[in-house]
Structures are given as structure tokens and as C-alpha cells.
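Student: The structure follows.
The values are calculated or read from the model by the stated rules, or taken from the named source; none is laboratory data. Remember, predicted model here, so these are calculated numbers, not experimental data. Here the Cβ positions follow ideal geometry from the backbone for every residue, glycine too, while neighbour counts run over all protein chains shown.
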Amino acid sequence: MHIMPPIKRATAAKNRPVPPPSPANVTLRVPRELVSPNRWNGRHWRVKHRISQEWDCYFDGACPTEKGKRNIFALLVASNSVRPKREQTQRVRVAVAREVPSGRNFIRDDDNLRFCVKPLLDALKRLGFIRNDSRKWIELPTPEQRISTDGHYWTEVILSTIDERADASE
């Protein structure tokens, strides 16, 4: 009978920063509604945190069904402490487009439209696509709203690095 030696896990790699995918032109398009903060603001902190974690799920991997989401959440929670952390070192422009089935689904209030991206930004920060959601690290124009061609809810996030040298020379 042959006994295999224990597998040694690489523990040094788990805390080493991993360069993020260069957001020079990263487009993330997910089949999820970007909802008005009127639906979730004022709720228990656990509800808001769950909404933010759902965005993690969509950006970090596909969530095919509602039942599949719960399994993927468990995997994300378990893998968060194991996988290497990404670290963004450049300023990033985050352009968000909200696609809805009908014009009746538009968010009419500009304050709510700007604030509805908060859970999305928190997810991007946790996944290392942005360093922080402060003005120092991101440029965030007002989210765009448009009617989707297939009649479903979509959220499109376009990440692009901001070249500080080019901005300074202008």
C-alpha cells in the first residue's frame, strides 16, 4: 500500500497582490437590474450587504439561476480569504449604463440615479477593480439609462484607466 505525502499548499501566494486586469478597456455586462436606492436604503445592514455581495457574484463569475447564486455565494465567501488579492494602483473611470425594458423603468431622480451605483462600486472595490470609491481614485459620470433591445434588465460597466500625465498636459 502506497501512501501519498500531503500536498503542500502555496501559502505565500495568498497575500501577494495580483495585478488586476488592466482596466484600459474592461467592459462588464451583467443581466441584473440597477435598482433605485429607494428600494434598499433604510433597510437592515444585512440586506444592503447582501445586495452588494450579489454584485460580487455577477462580476466574479456567472450566476445562472437563483438557486445557483446561493451556492456561488458560499464559494465566494470561502474563497475570499484564500485567493490572491488584486490591487489597483491607477485612477479609473467607471462608466455605468442601466438598460431597462421600458422607459417607464427609468430612474427619474438624478440623486437616486447617481446613488444607485453604490453597491456596484463596493463590489468593484472588493474585487480589486478599483482602489477606493472616493473621487481621488475614480471618476464617475452620471449613469446612462437606455431601453434594452431584448426587453430585459442589463447593467453595463466600462472601466478605463485615466492617464494622469495626459490630463495634466491638456
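Student: Among the residues of the range 141-153, are any surrounded by fewer than 17 Cβ atoms within 10 Å (Cβ to Cβ), of a type in the set (Val, Ile, Thr) and in a strand (DSSP E or B)?
Tutor: Looking for residues that are surrounded by fewer than 17 Cβ atoms within 10 Å (Cβ to Cβ), of a type in the set (Val, Ile, Thr) and in a strand (DSSP E or B), one finds at least one in the range 141-153, hence yes.
Student: For the subset of the range 100-119 comprising residues that are touching a strand residue (DSSP E or B) at 6+ places or on another chain (Cβ under 9 Å) and closer than 18 Å to residue 41 by Cβ, which member is surrounded by the most Cβ atoms within 10 Å (Cβ to Cβ)?
Tutor: 116
Student: Regarding residue 81, is this residue hydroxyl-bearing (Ser, Thr, Tyr), more than 15 Å from the chain's Cα centre (by Cα), modelled with pLDDT of 90 or more and more than 13 Å from residue 34 (Cβ to Cβ)? First the steps, then the outcome.
Tutor: Working: hydroxyl-bearing (Ser, Thr, Tyr): yes; more than 15 Å from the chain's Cα centre (by Cα): yes; modelled with pLDDT of 90 or more: no; more than 13 Å from residue 34 (Cβ to Cβ): yes.
When the stated conditions are applied, residue 81 does not pass them.
Student: In addition: Since residue 130 meets every condition but one in (1) modelled with pLDDT of 90 or more; (2) touching a Phe, Trp or Tyr at 6+ places or on another chain (Cβ under 9 Å), which condition does it not meet?
Tutor: Going through the list (1) modelled with pLDDT of 90 or more; (2) touching a Phe, Trp or Tyr at 6+ places or on another chain (Cβ under 9 Å), residue 130 breaks only (1).
Student: Determine the pairs where a residue that is polar (S, T, N, Q) and at pLDDT below 65, located within the range 154-170, has a partner that is surrounded by fewer than 16 Cβ atoms within 10 Å (Cβ to Cβ) and not in a loop (DSSP other than H, G, I, E, B) with Cβ atoms under 6 Å apart, the partner being 6 or more residues away or on another chain.
Tutor: Correct list of pairs: empty, since none qualify.
Student: Pull out all pairs, ordered by first then second residue, where Cβ-Cβ is under 6 Å, the residues are six or more apart or on different chains, the first lies in the range 129-147 and is in contact (Cβ under 8 Å) with a residue 12 or more places away in the chain and over 14 Å from residue 110 (Cα atoms), and the second is among the charged types (D, E, K, R) and assigned to a loop (DSSP other than H, G, I, E, B).
Tutor: Final answer for the pair search is 137/91; 137/131.
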